[in-house]
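This report concerns only the one structure given below.
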Amino acid sequence: MSFEEVVFLSAAELLERYHRRELSPVEVTQVTLDRIGRLNPVLNAYLAIDREGALAAARAAEQTWAQPGEKPLLCGVPISIKDLLYTTWLPTTHGSLVFKDYYHSMNSPVVDRLLAAGACIVGKTNTPEFGLLDITRNRFGDDCRNPWHLEHTAGGSSGGAGAAVAAGLAPLAIGTDGAGSIRIPSFYTGCFGLKPTFGRVPHDGWKGAPHTSHQGPMTRTVRDAALIMQAVSGPDDRDALCLGEQPPDFLAALRPRALAGTKIAMSIDYGYMEVDAEIQQSVLDASALLTSLGCQVFESHPPRREAGDGGIDLLSPEEYAYALLIKPDFDEHFEDLTDYGRRVMEAAREMPAWKFSQAVRRREAWSAAVRRWSETFDYFLAPVMSETAPRCDDPPVYEQRRPWPGNFLPIFNQAGLPAASVPFGFHSNGLPLAVQIAGRSGDDAGVLRLSAAIEAARPWADRWPALATEAAPAQRAAR
């Protein structure tokens, strides 16, 4: 294996090679940073790169590996964190010019846990302003591009994380998900992404949607996602809403286990949505695969959100102003905001209390109905999006006045249920496909286990975009 090809190894593979003294954390981190330097100007996956800090962490990890004894879980593995998470030594911009020079006084709990696990944080990934869009666009530069087709978006709001993992700019990433922001870019870029149960991972970064925002892993393999979950899950005094219970052993959950009798509900369109034919077929193919593994698959559409919500439409500026609890206090920086950021702030100013209160009540009723429905099966299979990644020059959906293709996603944020985007082949247009697996509240380990079963039957980690392989042409021969 050549020096450059280490970027195509998973975190689990890197750890094995560190253990056998076949690779060095310093070498791997250096190669990763060099690759970021070459490809980030094309992809715009990172807003900040921490070369000195990452190499210092790698040198410390190298010393740890040279000593006997147990090693931290992610010792010497490069990782990125989304630029909505607080850091004391790197700016936390929230994707906004308003915060371009902002340094927080404390790290987010996830950041502290990654540091304690020995990970090498190579930088902070791109996000739309305040995580407001399903594409990654802000005023810091060009859109974040999809490594599979550069004219297409990497998605959002964790688009930088998805592009980084897909192109080999670090094997691990932390994203956030308030209405699909981990699962959208995971689908668009061909990565695995998990939105955990609400409160499983303590959250103290930008939390505009305090009851629907989640933090979770974006990786090339399910095992790597389990490694991250093992490192960052569990109670933390800084997050009053996090689960008080100790998390399960996520790595142990991946041990092969019979799926016979597992009840899986399935819907290809939720009973009302228009969905691309190849995306529908991917869900049907995944259903056939799970049936062949002994699962009992049956059709079931989730409860629909009650119409109205006080006149608030899904993903309208009013919806964002309500759901994200945005305060309209950016008057002196108003011109620094993006056009979509200004629309949300303006909507927040005009939202009456009665509309906000009515929307809260209706959302709570919907969330309760979804949780009751989820108790009738073990897991749920559905599309992630109704379309593959749009082009960067396409108008945003909110400007097109049509249904959002990600309507499959917010239901699990509202109900706090774990849900994953699991790669599942490619569309005829060359872009990645994926299916969504959701589970009952608290069953993150089960969602990982079922995702791993799909991965074992339909592996994807050896598929790389041409942009990634051109950066290391000998890669395919090495695997």
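Every read-out reported here was derived from the displayed coordinates using simple, explicitly stated rules and does not represent laboratory data. All figures in this text were calculated on a predicted structure; none of them were measured in a lab. Note that we place each Cβ from the backbone using ideal geometry, even for glycine, and neighbour counts take in every protein chain shown.
Brief remarks follow.
- Potential lengthening of the chain between S357 and A456 amounts to 31.0 nm, from the contour at 0.36 nm per residue minus the alpha-carbon distance.
- Sorting the segments 114-126, 287-299 by their residues' average number of neighbouring beta-carbon atoms within 10 angstrom, most packed first, yields 114-126, 287-299.
- Here the chain is treated with +1 on each Lys and Arg Cβ and -1 on each Asp and Glu Cβ, and its dipole about the Cα centre works out to around 960 debye.
- A viscosity of 1.567 mPa s and a temperature of 4 °C, combined with the Kirkwood radius over C-alpha pairs in the Stokes-Einstein formula, give segment 58-215 a diffusion coefficient of 82 µm²/s.
- Taking 15 Å as the cut-off, the amide N atoms of segment 1-42 that come nearer than this to a point 7 Å along the Cα-to-beta-carbon line of E470 belong to 38-42.
- Net charge contributed by nearby residues that have their C-beta within less than 9 Å of H94 (K/R +1, D/E -1): -2
- Counted by neighbouring Cβ atoms within 10 Å, the residues I79, I135, I49, I411 run from fewest to most as I49, I135, I411, I79.
- Ranking of R38, R145 by count of other Cβ atoms within 10 Å, fewest first: R38, R145
- Cβ-based net charge around N429, under 13 Å, with every Lys or Arg adding one and every Asp or Glu removing one: -3
- Working from label points 7 Å from Cα in the Cα-to-Cβ sense, the A277 to E332 distance is 5.8 nm.
- On the basis of the beta-carbon distance and an R0 of 41 Å, A365 and L150 show a calculated FRET efficiency of 0.40.
- With the convex hull of its Cα atoms as the shape, the chain has an orientation-averaged projected area of 20.8 nm².
- Within-9-Å neighbourhood charge of E151 [Cβ basis; K, R +1; D, E -1]: +1
- Relative contact order %, segment 176-284, counting alpha carbon pairs below 8 Å whose residues are six or more apart: 22
- With R₀ fixed at 30 Å, the C-beta to C-beta distance from L251 to A60 puts the FRET efficiency at about 0.80.
- Full extension of the chain between D101 and E375 yields a length gain of 94.0 nm, computed as 0.36 nm times the residue separation minus the alpha carbon distance.
- Isotropically averaged projected area of segment 49-135, using the convex hull of Cα atoms (one quarter of hull area), nm²: 6.1
- For GluC sites (Glu not before Pro), the sites in segment 62-155 that DSSP calls loop and that have at most 14 other Cβ atoms within 10 Å are E70.
- Label zone of K263 (point 7 Å out along Cα→Cβ, amide N under 19 Å): in segment 328-372 this covers 368-372.
- Debye log10 I(q)/I(0) for segment 147-226, one point scatterer per Cα, at q = 0.11, 0.16, 0.21, 0.27 Å⁻¹: -0.25, -0.52, -0.84, -1.24
- For M266, M351, order by how many other beta-carbon atoms lie within 10 Å, fewest first: M351, M266
- Pairs of Lys in the chain closer than 14 Å at Cα, counting only those 8 or more apart or on different chains: 4
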